[in-house]
Amino acid sequence: MVSASSACGNCAFFDEHHGNSAAATQDGGLCRFNPPVTQPTADAHGLWPVVSEKDWCGHFAPETAGGMTAAE
Ligand code: SF4
């Protein structure tokens, strides 16, 4: 069982940006652990996986005191 503190909403790779859809989910965000996963057409941007703040996975990393550092 994973605790709520290990959920996507508390992960360094969670991005609150709702960029994959015009209809954003209330508690959704983008997982930035891996690169975008698909590119629908040659001139389209790749899509970042959309996750819920309450989701989780085995790559969870706690946010640092200074904020996001993984891609900086
Ligand atoms: S899917 Fe995993 S790596 Fe991505 S935000 Fe959630 S816990 Fe973090």
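Please treat every number below as a calculation from the coordinates, not as lab data. Just so we're clear, the structure is a prediction, and the values are computed from it rather than from any experiment. Cβ atoms come from the backbone with ideal geometry, glycine included; neighbour counts cover every protein chain shown.
Full extension of the chain between Glu63 and Thr38 yields a length gain of 6.4 nm, computed as 0.36 nm times the residue separation minus the alpha carbon distance.
The string of couplings for the stretch 31-38 from the Karplus curve (6.51, -1.76, 1.60, θ = phi - 60°) is 8, 9, 5, 10, x, x, 9, 9 Hz, one whole number per residue in order, with x for Gly and Pro. Between the amide H of Phe13 and those of Ala61, distances stay under 5 Å, these residues lying 5 or more places away or on another chain, with hydrogens modeled in the peptide plane. Cβ-Cβ distance of Ser3 and Asp27, R₀ of 22 Å, FRET efficiency by 1/(1 + (r/R0)^6): the value works out to about 0.80.
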